[in-house]
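Below: one structure, written as structure tokens.
What follows is calculated from the coordinates using simple rules that are stated; it is not laboratory data. What you are looking at is a predicted structure, and each value in this text was computed from that prediction instead of being measured. Don't worry about glycine lacking a Cβ; one is built from the backbone with ideal geometry, like all the others, and counts go over all protein chains shown.
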Amino acid sequence: MGLRQHYSENLEQLYQNILRMGTMVEEAMKKALVAISDQDDTLARQVIEEDIRIDEMQALIEDQCALLIATEQPVATDLREVLTAVKIVSNIERIGDHARHIARAVGKLRNPALLATVPRFRKLAEVGIGMVHDAVTAFVEQDADKAREVADRDDTIDDMHKQLYEQIVVIMKSDPTLVEEGITMTLLARFMERLGDHVTNICEWIVFAKQGKHIELNS
């Protein structure tokens, strides 16, 4: 087996693990949304417990990247791809943390007025999950144009977050006893806004891997 073929096979394995990690985070987010919508304690605990698998996958991928650099000594585009992989899995792991935060909020929303904001929150999160899926796909396919398109959707995330935040503030102003629950919902909304930022970071690294220069997307 030639050196180039060996490197390409190792890189392909790395990409498949990143795709697997992205899928794990997508599933965690989906389960967390069901848990918060249905107030399902059992499913919430499952999301929290399974977060360790996401952390373990991040460690595995980072070890793969370190081994590739140490043994293959990649340069130019190859090195950018490996460095990009490290940055991407860091952002994916943080998105996984947001799923855990959502799960931990199950049971903390009891008032019907705050529970009524969950459907809007869920729509916001679903847009974010779609961005995660498409950003990971763009990385595996090394598609900088797709990455730019995904990053553009962060504007939608920001707009939806603003609308949800305003709805929560109105509820808290109408009944001060709901402030504690309102803050919980505000934090959940903020996590989704940050999710959009993490995906944008992923997309910026994809563009860097392909073009060799850092470009701020959706500024």
Shape call for segment 114-190, from the Cα gyration tensor axes a ≥ b ≥ c (a/c under 1.5 means rounded, otherwise prolate when a/b beats b/c, else oblate), comes out prolate
Measuring from the longest principal axis of the C-alpha atoms of the chain, the long axis of helix 76-104 (C-alpha) lies at a number of degrees, nearest 10, equal to 20
Checked segment 104-150 against the a/c 1.5 cut and the a/b vs b/c comparison, axes a ≥ b ≥ c from its Cα gyration tensor; verdict prolate
Placing each pseudo-label 7 Å from Cα in the direction of the beta carbon, residue 86 and residue 70 end up separated by a distance in nanometres of 1.3
Here the convex hull volume per residue of segment 26-123, taken over Cα atoms and given in Å³, is 85
For the chain, the Cα convex hull volume per residue in Å³ comes to 103
If one compares the long axis through the Cα atoms of helix 179-211 with the longest principal axis of the Cα atoms of the chain, the angle in degrees, nearest 10, works out at 20
Taking the alpha-carbon centre of each part, the distance from segment 88-140 to segment 158-189 in Å is 16
The answer for the longest stretch of the chain without any exposed GluC sites (Glu not before Pro) (DSSP loop, at most 12 further Cβ atoms within 10 Å) is 1-140
The chain: longest segment with zero exposed trypsin sites (Lys or Arg not before Pro), where exposed means DSSP loop plus at most 13 other C-beta atoms within 10 Å, is residues 1-109
CD proxy, 222 nm, the chain: helix-only mean residue ellipticity via -39,500 (n - 2.57) per DSSP H run with n ≥ 4, per residue, nearest 500, stands at -30000 deg cm²/dmol
The size of the Cβ-based charge dipole (Lys, Arg +1; Asp, Glu -1) of the chain about the Cα centre, to the nearest 20 debye, is 420
Relative to the chain, whose Cα atoms define the longest principal axis, helix 154-174 and its Cα axis are tilted in degrees, nearest 10, by 20
